[in-house]
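Single-structure report; data block below.
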Amino acid sequence: MLPLTLGLLLFALLHLYPALSPGHRAHLLTRLGEQRYKGLFSLGVLVAFGLIFAGWRTIQPDPLYAPPAWGLPVAMGMLPLGVWLVCCSLGPNHVRKWLRHPQLLGFLLWALAHLLVNQEGRSLLLFGSLTLWALLNLLLIIRRDGWRSTVSQADWRADLASLMATIALLALLQLGGHQWLTGIPLLAR
């Protein structure tokens, strides 16, 4: 449980830091330079993911509660939407023109959907923590930057690229990627 918890804390702190302390982040960017800052940030995220995946695989999946009967159909609608919103975070597409942070909204939907279908303690820790992190980070970013998007001109080619990336990612997960990452096949119920 410790590696999973440490990984989640590292992931959350790394991602909350820019919203909680923009002045200190700006100072660090100036001191280190943008490339070094991004490199250290990326390294920290990779370490966090390593801890999360290692911790996940070492915890015995003991059931804590019974998921609702309606959880699976609702989750099956939320998951593709969440993946699509995450994919829409790249490029000047129409979703980014309308929404402030589609990646965090997608992540929030993804985590909530997993809470609807998983009943064991490790899932509650992982997806509950990520739900709280995404919600808190989204609120902090909106408080700091407002609701307005930074994309002024949207391009339909970027919309198509987001859709194709979503289809490819969902197919990859369905064809064994989910089991490879988590040890759990999709729809194994």
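The values are calculated or read from the model by the stated rules, or taken from the named source; none is laboratory data. This structure is a prediction, so every number in the text was calculated from the model and none was measured. For neighbour counting, all protein chains shown are included, and Cβ atoms are generated from backbone atoms with ideal geometry for every residue, glycine included. What goes into the accessible areas is simple: the full protein's heavy atoms, side chains included, and nothing from ligands, DNA or RNA. Shrake-Rupley method; radii C 1.70, N 1.55, O 1.52, S 1.80 Å.
For T5 and L90 in one chain, what is 0.36 nm times their gap in residues minus the Cα-Cα distance, to one decimal in nm?
27.7 nm
Could you give the nm distance between label points at W70 and A54, where each point is 7 Å from its Cα heading toward the beta carbon?
Between W70 and A54, the simple spin-label model gives 4.2 nm.
Give a quick list of chymotrypsin sites (Phe, Trp or Tyr not before Pro) in segment 37-79 that DSSP marks as loop, anything other than H, G, I, E or B, with at most 16 other Cβ atoms within 10 Å.
Loop-located and lightly packed - Y65, W70.
What spacing in nm lies between the two simple spin-label points modelled at Q119 and R157, each 7 Å away from Cα in the Cβ direction?
5.0 nm
Over the chain, what relative contact order in percent results from Cα pairs under 8 Å that are six or more residues apart?
25 percent
Regarding segment 1-97, what is the average projected area of its C-alpha convex hull, in nm²?
The Cα convex hull of segment 1-97, projected and averaged over all directions, gives 9.3 nm².
With helices defined as uninterrupted DSSP H runs, which ones in the chain have an alpha carbon span along their own long axis of at least 20 Å and mean Kyte-Doolittle hydropathy of at least -1.0?
2-20, 34-58, 71-87, 102-117, 121-145, 156-172
Just to confirm, what accessible area per residue do you get for the chain at 1.4 Å probe, in whole Å²?
Counting only protein heavy atoms, the per-residue value for the chain is 60 Å².
When the distances between all Cα atoms of the chain are binned every 10 Å from zero, what whole-number percent does each bin get?
Histogramming the chain at 10 Å steps yields 9, 29, 38, 20, 4, 0 percent.
Taking 0.36 nm per residue of separation and subtracting the Cα-Cα distance, what length does fully extending H24 through L46 add?
Contour length minus Cα-Cα distance gives 5.7 nm.
Roughly how far apart, in whole Å, are the Cα centres of segment 1-69 and segment 90-166?
The distance from the Cα centre of segment 1-69 to that of segment 90-166 comes to 16 Å.
Over segment 1-132, what percent of the accessible surface lies on carbon and sulfur atoms, probe 1.4 Å?
72 percent
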